[in-house]
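Novice: Here it is, the structure in full.
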Amino acid sequence: MRKIEVAPSVLSLDYAHFEGQCQQLNESNANWLHFDVMDGHFVPNLTFGPDILKGFRKACPDLFLDVHLMVEDPKMFVEPFVKAGADLISFHVEALSDVLKIHELIDLIHSYNIQAGLVIKPKTDVHVLDEFLDEVDLVLIMSVEPGFGGQKFMEDMLPKVEYLREHVPASCRIEIDGGINDETAKKALHAGVDVLVAGSYVFKGNIKEQVDTLIK
C-alpha cells in the first residue's frame, strides 16, 4: 500500500503569523513541506532564497523539506539550498535542453546525499521523463502553470500520473502540484499520486483539519 504524503506549500503561508502557522504544521499530519523557488525569469514571479529555508528548518525541524526549483539555472541553486537544509531538490526538465546536463544535475544533487526530482510543466510531454525514471526519487507533475498560487486544477494532467504509475520504479514517488483541494486530491490519488502539494487550501483555515481532509 502506497504511503500518501501531504506537502503544504509555504507559498501560501501567512507570514504575518509565521510562528503560529509553523506550530500548526508541526502538529498536523503533514510530514513534508513544499518550498517553491522562483527567479523571476523561468517563471514570472520571485520568491524565496535559502535563508528563508533555513528559517523553516529551525521552525519545523521534523518536516521533510521538498524544494522545487523554478529557475533558469538550477545547478547554481543546488548547493545553497542543500546547505540551507533541503531533503529533496527537484528541477524542471524545461530548464535544461541538454539531456546530458539533466543526468549530471541529478548526479550532483545525489552527491550531497539528498533526494533528486524532476518536474514538468502542463504542456510538456510526460515521455521526456522516461530516460530518467530509474535515476530520480520523485517526479512532479504540475497541474497548473507554474509561477503563482491559487490556480484551478487541470484535470487533463491526470493521464500523465496514470502513465507514470505504470512506469516508475517502486523507489520513485509521484507528486502533483496545483489546485489541490479535498475534491481534486481524490482524483489525483485515484490516478496514482503519492505526494499532494497543497497551498491555498491548507492555509485558508485550520491547517491540521485541512491536511486531514486530503488524506482521509
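Novice: Any residue that is hydrophobic (A, V, I, L, M, F, W, C), crowded, with 16+ Cβ neighbours inside 10 Å and over 18 Å from R2 (Cα atoms) - is there at least one of those in region 160-176?
Specialist: The answer is no, given that none of the residues of region 160-176 is hydrophobic (A, V, I, L, M, F, W, C), crowded, with 16+ Cβ neighbours inside 10 Å and over 18 Å from R2 (Cα atoms).
Novice: Inside region 1-101, counting only helices (runs of 4 or more DSSP H) that do not spill past its ends, which hold 2 or more residues that are touching a strand residue (DSSP E or B) at 6+ places or on another chain (Cβ under 8 Å), among the aromatic types (F, W, Y) and modelled with pLDDT of 95 or more?
Specialist: 74-84
Novice: OK, next. Looking only at strands (runs of 3 or more DSSP E) that lie completely in region 114-216, which have at least 2 residues being touching a Cys at 6+ places or on another chain (Cβ under 7 Å)?
Specialist: Of the strands (runs of 3 or more DSSP E) lying wholly inside region 114-216, those with at least 2 residues that are touching a Cys at 6+ places or on another chain (Cβ under 7 Å) span 138-142.
Novice: Moving on. If only one of D130, D87 is surrounded by 15 or more Cβ atoms within 10 Å (Cβ to Cβ) and either in contact (Cβ under 8 Å) with a residue 40 or more places away in the chain or not hydroxyl-bearing (S, T, Y) (or both), which one is it?
Specialist: Within the list D130, D87, the selection yields D87.
Quick grid of which residues meet (1) loosely packed, with under 15 Cβ neighbours inside 10 Å; (2) among the aromatic types (F, W, Y); (3) closer than 20 Å to V6 by Cβ:
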residue: N113; (1), (2), (3): yes, no, no
residue: A116; (1), (2), (3): no, no, no
residue: I120; (1), (2), (3): no, no, no
residue: V126; (1), (2), (3): no, no, no
residue: V136; (1), (2), (3): no, no, no
residue: K152; (1), (2), (3): yes, no, yes
residue: D156; (1), (2), (3): yes, no, no
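The values are calculated or read from the model by the stated rules, or taken from the named source; none is laboratory data. Quantities reported herein were computed from a predicted structural model and do not represent experimental measurements. FYI the Cβ positions are ideal-geometry reconstructions off the backbone, even for glycines, and counts take in every protein chain you see.
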